[in-house]
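Pasting in a structure now, in C-alpha cells, and then I'll have a few things to ask.
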Amino acid sequence: MNGGGSCFGIGGKNAPKKAPKKATKNAPKKATKNAPKKATKATKNESTKSKKKMAENEFYSVKDRKKIMVDKKSIKAEYSEKNGNISYMLRADVDGKKLVKFVSKEVYDKYKSK
C-alpha cells in the first residue's frame, strides 16, 4: 500500500471529517442558586381521594376490569419462590376465570391454615 492509509482505519485521507457541535435550541438553562422554586398544587384527586384496601375475599378481574367478591371457601393459598424471593398469593376460580391476588405472609398464613 502506498501512502493514504486504510479506509477502515482511524485517521488517514479517507477518514470522515467531524462536524462542529452546534448549540441546541432546547438545551436546559443553568439554574441559579437564588432562583425561586415553583410551587406545586395538589390536584383534586390527590387531596380528596384516599386508597381503600380490598377485602381479603375481593379479587380484581383483569379481563372484566372490575372487582369480584369470592366465597372464602373457594380461595386457595399458594406461594412461589423464584431467585430467592417468595411471593404469597391467593387463587380462586370463578365462572371459569382464574383469579390471582398477591398478599402478605399474614394473610397467606390465615388462608393456609383453613
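What follows is calculated from the coordinates using simple rules that are stated; it is not laboratory data. Just so we're clear, the structure is a prediction, and the values are computed from it rather than from any experiment. Don't worry about glycine lacking a Cβ; one is built from the backbone with ideal geometry, like all the others, and counts go over all protein chains shown.
Grab the beta carbon distance between residue 81 and residue 51, set R0 = 35 Å, and tell me the FRET efficiency rounded to 0.05.
Efficiency at R0 = 35 Å is approximately 0.75.
Across the range 57-67, in residue order, what do the Karplus-derived ³J(HN,Hα) couplings come to in whole Hz, using 6.51 cos²θ - 1.76 cosθ + 1.60 with θ = phi - 60° and x for Gly and Pro?
Result, ordered by residue: 9, 10, 10, 9, 8, 5, 5, 8, 6, 7, 7 Hz.
Sticking with this one: Would you pull out the residues with amide H under 5 Å of residue 68's amide H, same chain only if 5 or more places away, H placed 1.01 Å from N?
59, 60, 61
Which entries in 53/82; 52/110; 76/97 show an alpha-carbon gap greater than 23 Å?
Long pairs (Cα-Cα over 23 Å): 53/82.
Two-decimal Rg/Rh of the range 75-114 from alpha-carbon positions, Kirkwood Rh?
Here Rg/Rh amounts to 1.01.
In whole Å, what are the Cα extents of the range 46-99 along the three principal axes, biggest one first?
For the range 46-99, the Cα spread along each principal axis is 39, 32, 21 Å.
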